[in-house]
Structure formats: C-alpha cells, structure tokens
Amino acid sequence: MVVDEKILQATNSVISAEAMLSGQQEVLELIAKGAPLQETLSAIARFAEQHIPGMRASILYFDPNEQKLRRGGYGKLPSSFADIVDGLVPGPKAGSCGTCAWRRNRVISEDVFTDPLWDGFHDLCRAYDIRSAWSSPLLSSADDSLLGVFGMYHPDVRVPTVADLQIVDQFTHLATIATQRHRMDEAQRHRAQHDALTNLLNRYGLMAGVDALIKEHLANNTPLSIVFIDLDSFKAFNDAFGHIEGDQMLRNVCDTMKTTLTEVRLLTRFGGDEFLAFLPATTEVAVQQLHTLRTTFAKGVSISGQKLPVNFSAGVMAVTAENQDIETLIFEADEAVRESKSLGGGHTLVVDADRAMRAAVRRGLSKRIEAALDAGKLYPHAQPIVLLTDEQVVGYELLFRLNDPLLLGVPVIECIAEAERVGLIHRIGKMMFQAGVDFLRQPAIKGSPAYVSINVSVSQLLQPDLAQSFMDIVRKAGVDTRRICIEVTESAKIDPGSPARASIKQLKSAGFKLAIDDFGTGYASLGHLQSLPFDVLKIDRQFVSALEQPKATYSKRQSLLAALLPDLRVDKVTKSDSMCTALIAMAKACDMLVVAEGIETKTQAEILRHLGCQMGQGYLWARPAPLDAFLE
C-alpha cells in the first residue's frame, strides 16, 4: 500500500514516506528470516508508536484452536497489561479489540468510559490511562479468516481522521503479513507433526515434545509412564470391511482414547494401528486406566451404524531418571506388546527388569547386525544341492552369514528373525541376491549348469518393486534368470490377495525358478502348491532326520482300526516315511521337483531316492562353506 505524501503531512504524526519505507523494510526482513511472531509484532508496535504521538499499540494474535486472542506484540504498554488481555475471548461487548475480533470490522471507541463496549473494563482503562481506543482486524488475504487485532490506545478522547486511518491501515497491513506468515508456518508445522487421518501427533510431533515432558516430570518428581498400544486383528477388520471403514475405525478409536484417557499426554499414532502415549501416572495406575479403555472398547466402537468390539495389546513402562532415553522406552514398551501378541493378544504387560533385560539384548543384536552390514561383513556361504541318483552337484543354496566377532555364538536363525523384526531383512535380501548373481558370474560356476538358490522372505515379497529390482540386477550382470531359484520361506503366511502373491507371479514371469522352503512346518497348504507357480518343494530337515527310526505301528490307530475293521492288515512304517511319501506325492501332483534338506547319512539318501525324491542337500556331501571354497 502506498500512502500519499500530502496525507502523511496532513496528519499529526511526524512520519515521512522515507521513514515508512524504512520501517516496512525492517519488518519484512524479520518476517523473511522467520523471526518469532511476538518479536515481529513488537517491532511493528514500536514502529507505529514512534510515528503516532501519544499512541500505545497492542497487536493480538487470534488462536484458531483456542478461539482466543493471545499475546502478540507491544511497545510502550507494560507486560502486566499484556498478561491481563492474553486469552481474551471475542464477543459483542469485549472492549474494542474483543469486539473487533467478534465483528471482524474496525471498532472506534471515542471515549471508553461512555462506550458500552467497555463496560466491565473501566478499572483496566484507569490503570493504564486509556481514554480512547481504535481496533482494526487482521484478515487473511487467502481465506479472509481472522488472524488477529491491531489495537491503538490514546490517553485522550480522540476520533481518527481519514488521514489517521490511512496510516493505521499501513501498520495493520504489516501486521497482517506477519500473522499470515505465522499462520502458514503453523499450518505447515502442524501437517509435519500430525497424522493426516486421525489428527494425532505423528512420530515427528512426538519427538518434538517428549524431551520437555520427561524433564518436567523428572524435575517435579511426579510419575510418568509410557504406553504402547497395538490393536488386535485390525488387518482382519480391514480385509473384511475395506480400508475406508478401517480408516473410520481408527478415527473412532482415537476419539475413544482421548475421551477415556483424559490425562493422556502426547497421544501419537505411531504406525498403522499402533499408538503411543504418556500417562502422568505410575505403571499400576496406567494399567488400571488401560483396563478402563479396554472395557470401553469391548462395548463396541461405532462403525457404519453398528458397534464392533475392539481389543488391543499394550506395553507399559515407567519413565525414571535411569530409564528416560526415548528410543529405549519405545523399544522396550514395543517388545512388551510383541510378547502380548505372541500370547494371543488382549494383554497389558508391564516392562519389568527381566523384560527390560531381554529387550536390551534384542536391541543390541539389531544394532550389531546393522553395524556389520555397514562394515561390509556380510559373508555368504553356500551348500551344494545334488542329484540323489548320481550325487552330481546341480545347484547351490546361498546361506546368510556375518563375519563379525561380536556375533560369534549368536545362531543364524536368531539374526534372521531379528532382521525380519526390525526391517533389516530387505537390505540383507538385496545384498544376498547380489552375492548370488556375482557367484554365477565366476568362471568356475559360469560354465556349469548349476543354479543358485536364494532365500527371500515374505516381507520382501510385499515390496511391489521386488521383481523389478531383481531383474535390474541380473540384467546388469548378464545372468540368465533361469539359473536363479527364489526360495520362499514356508513359515510365513501368504494371504490370498496379498502383494506377496503378485510378486511371486512377477518373478515367475521374469524367468526365475521358485521353491517353497521348509514345506510342512508352517502355514502353507496344498492350496499354495495349486495356486502359486512353484517349481520346487523343499522337505524340511526335521522329517529327514527321523527317517532311520525303527519301524512301528501306531497303537492308537491300530486299536481303532482293529475295532472297526478286524481283518485289515496294518503295515509297520515310520511317521517320517509316511510324511515324506505324502510330501513327495503332493509335489509330483503339482508337477514340482523335490529337494530334501538335512541329509546326513547314505541310508537317509537312499530312502528318499526310493520314495521318489530327486535332489538333496546336507552334511553327507558338504557343510555350508564360504563361496570361495566352491570356486577353486
């Protein structure tokens, strides 16, 4: 806004166009560098007071969440005045500033002692020598929302001239720019620190406030407990009702948490259906409050006109001077939740000394694994896969190993389970795949017909770009995809409609061979063999190791059959013989080859060959060894 020089000269102020431009520049620089709002508004207030003799300025910021006018910027008015008016609620008779905010129009009180808008504020006016007041609203240029109020107070009865109002508009414009920038920054900060679906804090918002909260309670020696909540069976609800209803459930669950846990602090949506919060209470009281929440949830959460019960697993841990590290608190509370899940869900477990010790060991393991990967200590081994007919090597299974002294004595299966839990398995999987491709490029292997078998977890298969990333690696290396067999662990469930199924089919289309590993020990069924394009079935070592047990009949079954069919003859066989026979028969029915793992004796190999198993691997031929051992 440009003010005419004649208007400037016609006012009682000593302002000049040059002074106005200089002041504007100073304020705009404060806004540009992101100075605190109170600092910027105070600069505007002082700037206005310098050029309007006898006037004292008050700039209030309107908080849209609290619907109140809050402390903004002041010049000559003392902090005691700011304290009194801080939190003023807009209304039809709330002084000139409160009424201005209510009306969203300029309010001029020529004499505050005769203006009914100031009834109830006369003592304030006498204390601070206020006789007339002019207030102008700060309105957003984006959506016309209220940003604040610019108030000017005079010690004498006074009505503004047209020229006065022109000058007032200049300062109001500057204050509007400052408050609008602040409002935009606040909105951006809110988006960055809050979950868009539930409007709860997200992880960034939690981290922004948690240190101050913990320090406050430790300084005051008041109890504080961290609570980790994970809904039970939420995925099943999503599958049954769809994601839109699932989102609504999450919103309703959050509303119930806020109304039930009335003293909750920093309530956070930590993950998909995971929530974290702090309760200003001992762990005993926190458990009681969670019991109340559990009871409320059991009565049902409203979804599409009906109430559905909700249950959850929870971990609780006390925040103390010894236990105040936020990463450790979250980790150990989360571990308690996982323990509850393993028990079937629906439990609230308090982190005691034993649980804390176990969590610390697991946390240390994940960090050691990550450090080993960072240091390039991945040390893949291989074990040959042979034909049972002539013991010719036809393939190699790559096995995960780390060459790190700090991990000596830690079983490989524990390292893999921990990598799965913390998400390192994706990184390990890609590194192992790259190692397998590099192994195939070696001269000693490149000229042979042998293939390489590489393990891939279901969590990796959930990545939509897995097949493409593998294709990029083999294409760059010039390796035939038909020489790579992807082994999918059977211990993890592959749900119908899961992205994992799509990845399996994409890998098959790209030419990779597919094997289902450890069949018979986990979730997989004959339905998986029929519906998914597996080429190889691998029999778990637990069935192989029992093949040499003495043959025996099953007394319970024999007695039952004897009662029902007295003339039926029951052959003496072992359970393992029967299981292996059944597994091999299923594989043949699905046109799959069979590899038996863990073969240690010639007798086991001969039995399996006789049963129709084509390939095997185990200590009978070779123990797992570094890749270099097979390149000589």
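The values are calculated or read from the model by the stated rules, or taken from the named source; none is laboratory data. Remember, it's a predicted structure, so these values are computed and weren't measured experimentally. A quick note on method: Cβ atoms are made from the backbone with ideal geometry, for glycine too, and the neighbour counts reach across all protein chains shown.
Here are the numbers for this structure:
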| item | result |
| --- | --- |
| Region 603-632 residues that are in the same structural domain as PRO384 (by TED's automatic domain parsing), paired with ones that are β-branched (Val, Ile, Thr) and part of a loop (DSSP other than H, G, I, E, B) (beta carbon under 6 Å, 6 or more apart) | ALA605/ILE599; GLY616/ILE599; GLY618/ILE599; LEU620/ILE599 |
| Residues within region 160-196 that are surrounded by 14 or more Cβ atoms within 10 Å (Cβ to Cβ), among the hydrophobic types (A, V, I, L, M, F, W, C) and under 17 Å from the mean Cα position of the chain (by Cα), tallied | 0 |
| Residues of region 76-127 satisfying the condition of being under 13 Å from MET152 (Cα atoms) and of a type in the set (Val, Ile, Thr) | VAL107, ILE108, VAL112 |
| Checking SER22 against (1) over 27 Å from ASP129 (Cα atoms); (2) under 44 Å from the mean Cα position of the chain (by Cα); (3) hydroxyl-bearing (Ser, Thr, Tyr), the condition it does not meet | (2) |
| Enumerated strands (runs of 3 or more DSSP E) restricted to region 269-334, each holding at least 2 residues that are more than 20 Å from ALA208 (Cα to Cα) and either of a type in the set (Gly, Ala, Ser) or not assigned by TED's automatic domain parsing to the domain that holds ALA212 (or both) | 312-318 |
| Elements of type strands (runs of 3 or more DSSP E) in region 82-192, at least 1 residues being closer than 17 Å to THR40 by Cβ, assigned by TED's automatic domain parsing to the domain that holds ILE31 and in contact (Cβ under 8 Å) with a residue 40 or more places away in the chain | 132-139, 146-154 |
| Criterion (farther than 30 Å from LEU406 by Cβ, of a type in the set (D, E, K, R) and modelled with pLDDT of 85 or more) met by exactly one of ARG294, ARG338 | ARG294 |
| Flag if GLU391 is in the same structural domain as ASP517 (by TED's automatic domain parsing), within 28 Å of LEU611 (Cβ to Cβ), in contact (Cβ under 8 Å) with a residue 60 or more places away in the chain and surrounded by fewer than 21 Cβ atoms within 10 Å (Cβ to Cβ) | yes |
| Residue under evaluation GLN468, criteria (1) of a type in the set (S, T, N, Q); (2) surrounded by 16 or more Cβ atoms within 10 Å (Cβ to Cβ); (3) in a helix (DSSP H, G or I), criterion not met | (2) |
| The one condition in (1) basic (Lys, Arg); (2) at negative phi; (3) in contact with a strand residue (DSSP E or B) (Cβ under 7 Å, 6 or more places away or on another chain) that ARG126 fails to fulfil | (3) |
| ALA48 assigned to a helix (DSSP H, G or I) and over 17 Å from LEU174 (Cβ atoms) | no |
| Selection status of ALA236, in a helix (DSSP H, G or I), more than 30 Å from PRO309 (Cβ to Cβ) and assigned by TED's automatic domain parsing to the domain that holds PHE297 | no |
| Failed item in (1) part of a helix (DSSP H, G or I); (2) more than 22 Å from ALA333 (Cβ to Cβ); (3) not polar (S, T, N, Q), with LEU197 passing the rest | (1) |
| Residue among SER136, SER132 that is under 23 Å from ALA19 (Cα atoms), among the polar types (S, T, N, Q) and modelled with pLDDT of 95 or more | SER136 |
| Single unsatisfied condition, ALA417 versus (1) without any contact (Cβ under 8 Å) to a residue 12 or more places away in the chain; (2) more than 22 Å from the chain's Cα centre (by Cα) | (2) |
| Residues that are modelled with pLDDT of 90 or more, surrounded by fewer than 18 Cβ atoms within 10 Å (Cβ to Cβ) and touching a strand residue (DSSP E or B) at 6+ places or on another chain (Cβ under 8 Å), drawn from region 509-536 | ASP535 |
| Residues satisfying the stated conditions in region 35-46, i.e. closer than 13 Å to ILE177 by Cβ and not hydroxyl-bearing (Ser, Thr, Tyr) | ALA35, LEU37, LEU41, ALA43, ILE44 |
| Residues of region 352-405 classified as part of a loop (DSSP other than H, G, I, E, B) and either under 15 Å from ILE416 (Cβ atoms) or among the acidic types (Asp, Glu) (or both), total | 8 |
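Here's the yes/no breakdown for (1) assigned to a loop (DSSP other than H, G, I, E, B); (2) at pLDDT 95 or above; (3) surrounded by 17 or more Cβ atoms within 10 Å (Cβ to Cβ):
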site: CYS415; (1), (2), (3): no, no, yes
site: GLU418; (1), (2), (3): no, no, yes
site: PHE433; (1), (2), (3): no, yes, yes
site: VAL437; (1), (2), (3): no, yes, yes
site: SER448; (1), (2), (3): yes, no, no
site: VAL452; (1), (2), (3): no, yes, yes
site: GLN460; (1), (2), (3): no, no, yes
